[in-house]
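The structure appears right after this line, and notes come after that.
Values in this text are rule-based calculations from the coordinates and carry no lab data. Since this is a predicted model, take the numbers as computed values, not measurements. Neighbour counts are summed over all protein chains in view; Cβ atoms, including those assigned to glycine, are modelled from backbone coordinates with ideal geometry.
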Amino acid sequence: MVNQYRDNRIFLAGDAAHVHSAAGGQGMNTGIGDAYNLGWKLAHVLRGAPAALLDSYQAERLPVAQGVLASTTIRHQAYLNRGTGDDRAQSMLHTLTGKDPIADTTQLSLTYRGSPLACDLDDTTGLRAGDRAPDSPFLFAANEQKGRLFELFRGTHFTLLAFGEQQALHFPDADPDLLQVYTITRGGHRPSSSDRALIDIDGYIHHFYGIQGNALILVRPDGYIGLTGSDLGVQPILDYLHKVTGR
């Protein structure tokens, strides 16, 4: 693999940045992750975001490639040495993962915790900034139609999930191409009939996100969490978005 993902206006991704054994199919997953991570950042920089946003591409993705490359290499050695009496690769594999040889080939547990874009303002939520935002079903309060969080996340916008009975947050000047806001209440509570009000009828969203009371979670365009906190009001969200996107 390369030792840097960026040289001025040149960015490397996928097989141009890291080449893997076919063990586990990890090279493709890693390359797709590179491209999505870089793509939304390029889009926002072209719209006026600080150029420093592009530096977070290497900060977030190069450690992922290092870890995945180590894993695929050890898996490959383990497969080659099966039945030969050489237990070294199998021992290394167990040390690396502590699990079965093909554990987490989906890469869904990858995290960007500690990234320049990860901001936890307190310990309110079970998930941390940098974690992948989980999917979950819900009902739209306006018409009780079913929906899923991943459908709301789709696109190049940020998505703010406001949990609890806190007062509705208003961003009157926010461009919907930049930010979309949804309020989430537990089943049994009747929120307003706004099409931005969601009912967590079975409690899955609160469970998956580790939410007990009022909380805010800001999801990035690539489906990872950028900011977490309690009932903070609009200003911390505006500050974060301005820092990241310049808007």
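Taking the beta-carbon count within 10 Å as an exposure proxy, list 163, 150, 140 from fewest neighbours to most.
150, 140, 163
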By how many degrees, between 0 and 90 and to the nearest 10, does the Cα long axis of helix 55-80 differ from the longest principal axis of the chain? 40
Considering every Cα-Cα pair within the chain, what fraction, in whole percent, is farther apart than 25 Å? 50
The chain, helix-only ellipticity at 222 nm - DSSP H runs n ≥ 4, -39,500 (n - 2.57), divided by all residues, nearest 500: -10000 deg cm²/dmol
Given the C-alpha centroids of the range 110-129 and the range 1-30, what is the distance between them in whole angstrom? 25
Nearest 5 is fine: what % of DSSP beta bridges in the range 119-245 come out antiparallel, could you say? 55
Using only Cα atoms and rounding to the nearest 10 degrees, what angle (0 to 90) does helix 88-97 make with the longest principal axis of the chain? 10
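Provide the FRET efficiency to the nearest 0.05 for the residue 128-residue 47 pair, computing r from the beta carbons and using R0 = 30 Å.
Between residue 128 and residue 47 the formula returns 0.60.
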Taking every DSSP bridge whose two residues both lie in the chain, the antiparallel percent to the nearest 5 is 60
Looking only at 67, 114, 223, which one moves most when the chain is put into a Gaussian network model with springs between Cα atoms under 10 Å? 67
Between the helical axis of 26-46 and the dominant principal axis of the chain, each derived from Cα atoms, what acute angle in degrees is found, rounded to the nearest 10? 40
Place a +1 charge on the Cβ of each Lys and Arg in the chain and a -1 charge on the Cβ of each Asp and Glu, then give the dipole magnitude about the Cα centre in debye, rounded to the nearest 20. 420
